[in-house]
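Okay, structure first, notes after.
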Amino acid sequence: MSDGAISTLQQSSSASAKRSDIAKTSDAEDRAMPRIPQELSILPLREFVMFPGSVLPLTVSRPASIKLLDETLPLTKIVGFLTQREEEKEEPAPPDLYHVGTAAIVLKLLRQAENNIVVVVQGLRRFAMRKIVATQPFLRAEIDLLKTIVPEQTAEWQAEFQNLRDSAVRLSQLRPDMPEETAAIIRNIEDAEQLADFLAPHLDISVAERQSILEELDLSKRVRAVQKHISAQLEVAQIQQKLQKDVQSQFSDAQRKAYLRGQLKAIQRELGEGDTGADEHIAVLRTKLEAAKPPAEVLAQAERELKRLDIIPPASPEYSVIVGYVEAIAELPWSKLSEDNLDLDKAQQILDRDHYDLTKVKRRLIEYLAVRKLNPLGQGPILCLLGPPGVGKTSLGQSVADALGRKFVRMSLGGIRDEAEIRGHRRTYIGSMPGRIIQELRRAGTRNPVMMLDEIDKIGTDFRGDPASALLEVLDPRQNKAFVDRYLDVPFDLSQIIFIATANYIGGIPGPLLDRMELIDLPGYTEREKLEIGKRYLVPRQVTENGLKADQIEWPEEALRLFINDYTHEAGVRELERQIGAVCRAVAARVARGVTDKVMITTDFIRETLGPQRYVHEQRLTTSAPGVVTGLAYTPTGGEILHVEATRYLGKGNITLTGQIGAVMKESAQAALSLVRSRGTAIGVKPEEFREYDIHVHVPAGAVPKDGPSAGVSMFTALASLFSNKPVRSDVAMTGEITLRGMVLPIGGLKEKSLAAMRADISTVIIPKLNEKDLVDVPEEARQKLRFVPVETVEEVLAHALDQNAQLLRTASN
């Protein structure tokens, strides 16, 4: 804060009251006034003129002024105050100051933080600068004290004095900002000079006009100047009072404010002082609204808000809230639509260009576009691309947008917990804004983009609401024609948007939300598919991104297979691209150093760059052994083979389950044991063996959580093999859920499990009979290498897994 004055009318009023009490004895006042030196330190003031008799606090912050106080006050309490001609100057020179000021005494000094000092001063006498003594480190000058020319005490002079006092009393009574005791203080002032000096600082006039009153030494002219300004302000105050009385009985409080603001604006326009900036802003908003072409009811709502702006001052907080609201409406694409490109052949080319294989997914997307072509106004389904990370769900949405020629908008929903993220905040809250749907449309600039709702299975819920429930209206084609965002509070048509959701896990999607979407499954890639994706997309992209040229690096197929099998373990290709990028960076370092011009990516180069093999896949058992079975499991990163091991030892018939298996898998083990005990005779086991032996079932890779019912067949076979002492064929893998009746129920993830069996060099896969229809999804390569054996009962499982047991079990079952 710069040097200036913080004055209050109460302080000046009390000081004047004290002066009025001693005005009757002027001789005593002259004797009580401190002696003013002929040479004074000069402290510049800006935006304020000090008058004799005023008592007020001053905030001092300029370094030169602070130094002045520090060096002068120990010697004398008298300081000269001169007003700057231009308030912007931080270091005013003598020509920048008025030559007439007021000598004042410092009554109190308070030091504050940030190098600020507050001093309380009392004005004493007028003075004029006669000679500059010093300008550094602060201004010092020789002065001449000025004497006021007092007129003769005539009747005319007494009338002028009395008129000034009466006018000042009336003004103080009409102005609400003046304290109640001001009128009484003015009546008690008997000296004309004191009255003029008391009134001048509080007149609503410019600094230059106050300075002219200070410089006027003729008391009669000074009184007339003060009288002139008081009369003008008194007239304005009387008009205001009359206006208030005229409208008070006719208008409510809000109407009265609107009327007075209208009158004030009219007066300001007549004086050339109107706020044309606010009017221009409102005109611009109105133009934007008309260009946006919103529906009639939306336009009417915006016009109501614009009319409120006419009566609200720009400094009001509500003004900015209304402006933000109208701008949001004006910038929404109410009538802007992207023209669809419904050339299905081109769409197929774009999908094939951006993605390898995914034949079923591409076919469904082409069907979706075909329906849009034949029925543009139809309400198509909401698609949900379901699959593990890195399989290309998000990029498929981008390809759909490219094929249609529409804008693409991606909205990540992972982790959001506040319902207002979807529906928006009400405008009553500070910092309120529209929901994410409206915000993304505002950025897109069109009301029919392709909107990707990414990670819809990871929406959270807490005390702030359920965002998934808020999405029910958004994703319902019969309701989203009139979606109402809480911030806008007007309907917006979302029916032209193509919504495509993505999810990794179907269990994370709430049932009502899942019911509104059509699922398109994107399974993990096979080794062959990853190999082709690597050659066609990943390697060229990483070579370009790392500043290499195609002739500087050579990628044999064996190198890519090494990446896929030994350095990645995923359903998608993100980690594969990262590892390819790491090798490309190593090649770029060699090329940049000039070590070589071309690098052949060999096994040794990969191991030197990436280190030893990171992932080891489970392989088929080398030998057959009783109690050990090869099962098949489905994970988010694809299929895996799973060894189930069972052993027994003398005990009391207890069963122990280890390998970090879940509750469902534990129940499968219990069901498998019950099924084996119920078929003990057929298997060739004496009943007392189940009571005399404890059983331990273990699933290796104990640090990895495992769960699900599809290991039931494997556990039953392991226990049957253990108690019958018949080994299970090492080239056989199996999957399926069992019942206590010995039935084999269907499972999921057959494609991924089949690929895992093929990688592990398994020759025969036992699957549930009800999964036979799913073999069409298994890649041709796997169907050629594997022999699939559909079964309906556990007896059939043992017939194919154990040697020479089929006849025995068949007889027992009969």
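The values are calculated or read from the model by the stated rules, or taken from the named source; none is laboratory data. Bear in mind that the values here come from a model prediction, so they are computed numbers and not experimental data. Methodologically, a virtual Cβ is constructed for each residue, glycine included, from the backbone with ideal geometry; neighbour enumeration extends over all protein chains shown. These area figures cover heavy atoms from the full protein model, side chains too; ligands, DNA and RNA do not enter into them. Shrake-Rupley method; radii C 1.70, N 1.55, O 1.52, S 1.80 Å.
Points to keep in mind about this one:
- Hey, Ile520 among the hydrophobic types (A, V, I, L, M, F, W, C), more than 30 Å from Ile459 (Cα to Cα), in contact with a Lys or Arg (Cβ under 7 Å, 6 or more places away or on another chain) and modelled with pLDDT under 90 or not: no
- Any hit, the stretch 727-745, residues being buried (at least 22 other Cβ atoms within 10 Å of the Cβ) and free of Cβ contacts under 8 Å to residues at least 60 places away in the same chain: yes
- Here is the figure for the stretch 440-471: residues that are in a helix (DSSP H, G or I) and touching a strand residue (DSSP E or B) at 6+ places or on another chain (Cβ under 9 Å) total 8.
- Residue, farthest from Pro727 (Cα to Cα), within the stretch 628-665, restricted to residues that are open to solvent by 60 Å² or more (accessible area, probe 1.4 Å) and among the charged types (D, E, K, R): Lys652
A quick yes/no check of all residues on (1) under 22 Å from Arg85 (Cα atoms); (2) of a type outside the set (S, T, N, Q):
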{"position": "Gln158", "(1), (2)": "no, no"}
{"position": "Asn163", "(1), (2)": "no, no"}
{"position": "Ser167", "(1), (2)": "no, no"}
{"position": "Met178", "(1), (2)": "no, yes"}
{"position": "Asn188", "(1), (2)": "no, no"}
{"position": "Leu195", "(1), (2)": "no, yes"}
{"position": "Leu217", "(1), (2)": "yes, yes"}
{"position": "Ser220", "(1), (2)": "no, no"}
{"position": "Gln233", "(1), (2)": "no, no"}
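- Residues that are touching a residue at least 60 places away in the same chain (Cβ under 8 Å), closer than 20 Å to Leu203 by Cβ and in a loop (DSSP other than H, G, I, E, B), drawn from the stretch 29-68: Glu47, Phe48, Val49, Met50, Phe51, Pro52, Gly53, Ser54
- The residue that is modelled with the lowest pLDDT, among those in the stretch 293-311 that are of a type outside the set (D, E, K, R) and surrounded by fewer than 19 Cβ atoms within 10 Å (Cβ to Cβ), is Ile311.
- Scanning the stretch 580-598 for residues that are open to solvent by 10 Å² or more (accessible area, probe 1.4 Å), of a type outside the set (D, E, K, R) and within 17 Å of Leu538 (Cβ to Cβ) yields a count of 3.
- Comparison of Val789, Val778 shows that the only residue that is buried (at least 17 other Cβ atoms within 10 Å of the Cβ) and either more than 23 Å from Thr359 (Cβ to Cβ) or acidic (Asp, Glu) (or both) is Val789.
- Whichever residue in the stretch 383-429 is of a type in the set (Lys, Arg) and outside any loop (DSSP other than H, G, I, E, B) and, among such residues, is surrounded by the fewest Cβ atoms within 10 Å (Cβ to Cβ): Arg410
- Test result for Lys530, surrounded by fewer than 19 Cβ atoms within 10 Å (Cβ to Cβ) and either in contact with an Asp or Glu (Cβ under 9 Å, 6 or more places away or on another chain) or assigned to a helix (DSSP H, G or I) (or both): no
- Note on the stretch 128-153: residues that are open to solvent by less than 60 Å² (accessible area, probe 1.4 Å) and more than 19 Å from Thr102 (Cβ to Cβ) amount to 3.
- Condition check for Glu575: at pLDDT 90 or above, within 44 Å of the chain's Cα centre (by Cα), under 25 Å from Gly392 (Cα atoms) and not in a loop (DSSP other than H, G, I, E, B): yes
- Residue match in the stretch 545-553 (condition: touching a Leu at 6+ places or on another chain (Cβ under 6 Å) and free of Cβ contacts under 8 Å to residues at least 60 places away in the same chain): no
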